[in-house]
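Novice: Just passing along the structure, written as structure tokens.
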Amino acid sequence: MRSKAKTVIIGGGIIGLSIAYNLAKMGEEDIVVLEKSYLGSGSTFRCGSGIRQQFGDDANIQMMKRSVEIWKNMENELGYNVEFEQGGYLFLLYDEEELKTFERNVKLQNKYGVPSRIITPEEAKEIVPLLNTDGVIAAAFNHTDGKANPFKAVFAYANAAKKLGVDIYEYTEAKDIKVEDGKIKKVITDKGEIETGRVINAANAWAPLINKMAGVPVDIPIHPYKHQGIKTEPFKIGEINPMIVSFKHDGVYMTQEANQGGIIGGYALKYGPTYDITPTYEFLRGVSYRFSQIIPALKYLNVIRIWAGYYAETPDDNAAIGRINEVDEFYIAAGFSGHGFMLAPAVSEAIAELIVDGKTSKPLWFYDPYRFERGELREQAVQMG
Ligand SMILES: Cc1cc2nc3c(=O)[nH]c(=O)nc-3n(C[C@H](O)[C@H](O)[C@H](O)COP(=O)(O)OP(=O)(O)OC[C@H]3O[C@@H](n4cnc5c(N)ncnc54)[C@H](O)[C@@H]3O)c2cc1C
């Protein structure tokens, strides 16, 4: 392992790896990524693969619009097919209040050029013929939303970063960070020490531990909650292209894998804060029931896999991203709740711009890590993930 680096990134999930890639792409050298287990082993390999621009606030819509541009071109840029597919996101709406909120959100999304729209239940059924539209009064649909393969996205960013000279150390845990007079001196790992002047905390559910190591004085509340997912045996490919979401059914979401045809998804049942990620029977029963309420044909499918992972949650479910003023050259990009996979391309580009150019035109102010101390939460009318 090298003993010196200009930048040490802690966390080998999609966020840490994409930051490493973007920094190297902008000409930064001497970058190291530390991952205490294997790449993607945190939340990223456990995610539901969804990528949407249908948010209810300006910042997340703009960030996701940029992310989708990058997702679309990722195969070209990183030289690896990440199975990005634009099958859309279809939100099923069951009452007038929900409809009003989504109408408002669609207007905001359209303002930024996201082509979402409100459609009738009949139109929703044209998109997914197997859909049960009982009680559905409308739906919100955006055909440019979609999904990608988290396993392939991690390897795409990792390989592209390595080609640009980034050193990635798996099974290497950051144990401490030495800071003197507000300046970072070194990162101590279980495999040795790395002298460095810059640390990026991309440790997601473990981010508070990294903040503590560096003596970050600001309170950035990020807590790990157990969320789960399932995958079914293959179904006729192409039956469920969009990610279907229903808040009436406790935030159930489901989509079909582009290549293998399994249906994957979950719902908003959560446990915690906890670092326990043992899957539960309560979830298995609950999600199976909700899947078959939305698509009755699914009740005949076998579940072949169930897993759990963390939503690293903040009080407003938006991440903490930015520079920490009290520790020179310490940055954080963590606490992504249920949408860090989709946001990674734009967030990592923004962090790299912030570091290399000293500024970014992307709305990182929204994710200001100091907002919690100021009591400025960014809550949304529709909160998914
Ligand atoms: C069931 C489920 C479904 C989800 N669905 C979606 C979805 O559809 N769309 C979406 O966008 N998001 C989804 N998410 C959320 C998404 O998975 C996360 O937001 C995203 O993966 C965060 O990426 P990350 O790189 O910040 O974190 P992680 O992937 O958790 O990476 C952080 C890494 O840091 C490492 N680390 C921690 N401490 C140390 C240390 N001291 N030294 C070295 N390494 C360390 C960890 O081992 C870990 O690998 C879902 C999550 C779950 C659990």
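The values are calculated or read from the model by the stated rules, or taken from the named source; none is laboratory data. Predicted model, so just to flag it, every value in this text is computed and none were measured. Methodologically, a virtual Cβ is constructed for each residue, glycine included, from the backbone with ideal geometry; neighbour enumeration extends over all protein chains shown. With ligands, DNA and RNA removed, areas are computed over all heavy atoms of the protein, side chains included. Shrake-Rupley method; radii C 1.70, N 1.55, O 1.52, S 1.80 Å.
Novice: Out of Ser67, Ser41, Ser348, any idea which swings most in a Gaussian network model of the chain, alpha carbons joined below 10 Å?
Specialist: Ser41
Novice: Based on Cα coordinates alone, diagonalise the gyration tensor for the stretch 1-84, multiply each eigenvalue by 5, take square roots, and list the semi-axes in whole Å, largest first. Write down the numbers at each step before the final one.
Specialist: Numbers: eigenvalues 130, 50, 38 Å².
After scaling each eigenvalue by five and taking roots: 26, 16, 14 Å.
Novice: Roughly how much of Tyr157 is accessible, in Å² to the nearest 10, using a 1.4 Å probe?
Specialist: Tyr157 exposes around 0 Å² with every protein chain in place.
Novice: Assign unit charges at the C-beta atoms only (+1 for Lys and Arg, -1 for Asp and Glu), then state the dipole size of the stretch 87-205 relative to its Cα centre in Debye, rounded to the nearest 20.
Specialist: Numbers: 17 positive and 19 negative charges, 139 e Å.
For this selection, approximately 660 debye.
Novice: Relative contact order, percent, of the chain when contacts are C-alpha pairs under 8 Å separated by at least 6 residues?
Specialist: Relative CO of the chain lands at 23 percent.
Novice: So, one more: Count charges around Ser41 for me, please; just the other residues with Cβ under 10 Å from its Cβ, Lys/Arg as +1, Asp/Glu as -1. It would help to have the intermediate numbers written out before the result.
Specialist: Numbers: positive: Lys36, Arg46; negative: Glu35, Glu170.
Net of charged neighbours comes to 0.
Novice: If exposed means no more than 10 neighbouring beta carbons inside 10 Å and the site is in a DSSP loop, what's the longest run of the chain without any exposed trypsin sites (Lys or Arg not before Pro)? Working shown, then result.
Specialist: On the way: sites that count: Lys236, Lys359.
Between exposed loop sites, the widest span is 1-235.
Novice: Would you mind working out the magnitude of the charge dipole of the stretch 244-385 relative to its Cα centre, with +1 at each Lys and Arg C-beta and -1 at each Asp and Glu C-beta, to the nearest 20 Debye?
Specialist: Numbers: 12 positive and 17 negative charges, 161 e Å.
Around 780 debye, computed over the stretch 244-385.
Novice: A further question on this structure: Tell me which aspartates and glutamates have Cα within less than 16 Å of Lys191's Cα, excluding those fewer than 8 residues away on the same chain?
Specialist: Leaving aside aspartates and glutamates fewer than 8 places away in the same chain, those within reach of Lys191 are Glu35, Asp167, Glu170, Glu173, Asp176.
Novice: Which of Gly338, Gly358, Gly309 moves most in a GNM of the chain, Cα contacts under 10 Å?
Specialist: For the chain, modelled as a Gaussian network with Cα springs under 10 Å, the answer is Gly358.
Novice: Continuing with this model, one more query. Run the reach check for Lys183 against aspartates and glutamates, Cα to Cα strictly under 13 Å, same-chain hits fewer than 8 apart removed. What comes back?
Specialist: List returned: Glu195, Glu326, Asp328, Glu329.
Novice: Another question, if that's okay. Give me the three principal axis extents of the stretch 50-126 from the C-alpha atoms, as integers in angstrom, largest value leading.
Specialist: Computed over the Cα atoms, the extents are 45, 29, 16 Å.
Novice: Okay, helix-only estimate at 222 nm for the chain: each DSSP H run of n ≥ 4 adds -39500 (n - 2.57), divide by all residues, round to 500 deg cm²/dmol; what do you get?
Specialist: Details: 9 runs with 113 residues, N = 385.
It lands at -9000 deg cm²/dmol.
Novice: Using only the heavy atoms of the protein chains and a 1.4 Å probe, how would Trp71, Trp206, Trp307 rank by accessible area, largest first? Show your work: numbers first, answer last.
Specialist: Values: Trp71 5, Trp206 60, Trp307 25 Å².
Descending accessible area places them as Trp206, Trp307, Trp71.
Novice: Pairs of Cα atoms under 8 Å, at least six residues apart: use those to get the relative contact order of the stretch 295-345, whole percent.
Specialist: On the way: 48 pairs, mean separation 16.3, N = 51.
Relative contact order, the stretch 295-345: 32 percent.
Novice: Take the solvent-accessible surface of the protein heavy atoms, probe 1.4 Å, and return the percent of it on the stretch 116-177 that carbon and sulfur atoms account for.
Specialist: On the way: 1410 of 2710 Å².
The nonpolar share, carbon plus sulfur, comes to 52 percent.
Novice: If you don't mind, another one. Which values, in whole Å and largest first, are the semi-axes of the equivalent ellipsoid of the stretch 86-140 obtained as the square root of 5 times each eigenvalue of the Cα gyration tensor?
Specialist: 19, 15, 7
Novice: Still on this structure: Over the Cα atoms of the stretch 232-361, how large are the radius of gyration and the largest Cα-Cα distance (Dmax), in Å?
Specialist: 18.6, 57
Novice: Roll a 1.4 Å probe over the protein chains and send me the accessible area per residue for the chain in Å².
Specialist: Values: 15590 Å² over 385 residues.
Normalised by residue count, the accessible surface of the chain is 40 Å².
Novice: Mind checking which aspartates and glutamates have their C-alpha under 17 Å from Lys270, skipping anything on the same chain fewer than 8 residues away?
Specialist: Partners found: Asp250, Glu282, Glu313, Asp316, Asp317.
Novice: Take the residue pairs Lys72/Lys185; Lys107/Lys362; Lys162/Lys359; Lys186/Lys226 and return only those whose Cα atoms are more than 30 Å apart.
Specialist: Working: Lys72/Lys185 39 Å; Lys107/Lys362 21 Å; Lys162/Lys359 25 Å; Lys186/Lys226 32 Å.
Beyond 30 Å: Lys72/Lys185; Lys186/Lys226.
Novice: Still on this structure, I have one more. List the pair-distance distribution P(r) of the stretch 7-144, using every Cα-Cα distance, as the percent of pairs falling in each 10 Å bin from 0 up to the bin containing the longest distance, rounded to whole percents.
Specialist: P(r) over the stretch 7-144, rounded to whole percents: 11, 30, 30, 19, 9, 1.
Novice: A further question follows. Tell me the Kirkwood hydrodynamic radius of the stretch 240-302 in angstroms, computed as one over the mean inverse distance between distinct C-alpha pairs. Could you put the intermediate results ahead of the total?
Specialist: Details: mean 1/r = 0.0797 Å⁻¹.
Result for the stretch 240-302, one decimal place: 12.5 Å.
Novice: With +1 on each Lys and Arg Cβ and -1 on each Asp and Glu Cβ, how big is the dipole of the chain about its Cα centre, in debye rounded to the nearest 20? Write out the running numbers ahead of the final one.
Specialist: Working: 43 positive and 50 negative charges, 106 e Å.
Once rounded to the nearest 20, the dipole reads 500 debye.
Novice: Loop-only GluC sites (Glu not before Pro) in the stretch 278-385, please: DSSP not H, G, I, E or B, and at most 15 other Cβ atoms within 10 Å. Don't skip to the answer; put the middle values down first.
Specialist: Working: sites: Glu282, Glu313, Glu326, Glu329, Glu349, Glu353, Glu373, Glu376, Glu379; in loops: Glu326, Glu329, Glu376, Glu379.
Answer by residue number: Glu326, Glu376, Glu379.
Novice: Also: Can you tell me what percent of all Cα-Cα pairs in the chain are more than 34 Å apart?
Specialist: More than 34 Å apart: 26 percent of the Cα pairs in the chain.
Novice: Relative contact order for the stretch 178-255: what is it in percent, counting Cα pairs under 8 Å that are at least 6 residues apart? Spell out each step's value before the answer.
Specialist: Working: 58 pairs, mean separation 12.4, N = 78.
Answer for the stretch 178-255 is 16 percent.
Novice: Write down the percent of antiparallel bridges among all DSSP beta bridges whose residues are both part of the chain, to the nearest 5. Please list the in-between numbers first.
Specialist: Numbers: 47 of 66 bridges.
Close to 70 percent.
Novice: When the chain is treated as a GNM, springs tying every alpha-carbon pair under 10 Å, which of Ile194, Ile14, Ile222 comes out with the largest mean-square fluctuation?
Specialist: Ile194
Novice: Let me ask you something else. Rounded to a whole number of µm²/s, how large is the Stokes-Einstein D of the stretch 148-199 at 37 °C and 0.692 mPa s, given Rh as the Kirkwood radius over C-alpha pairs? Numbers along the way, then the final one.
Specialist: Working: Rh = 12.9 Å.
The Stokes-Einstein estimate is 254 µm²/s.
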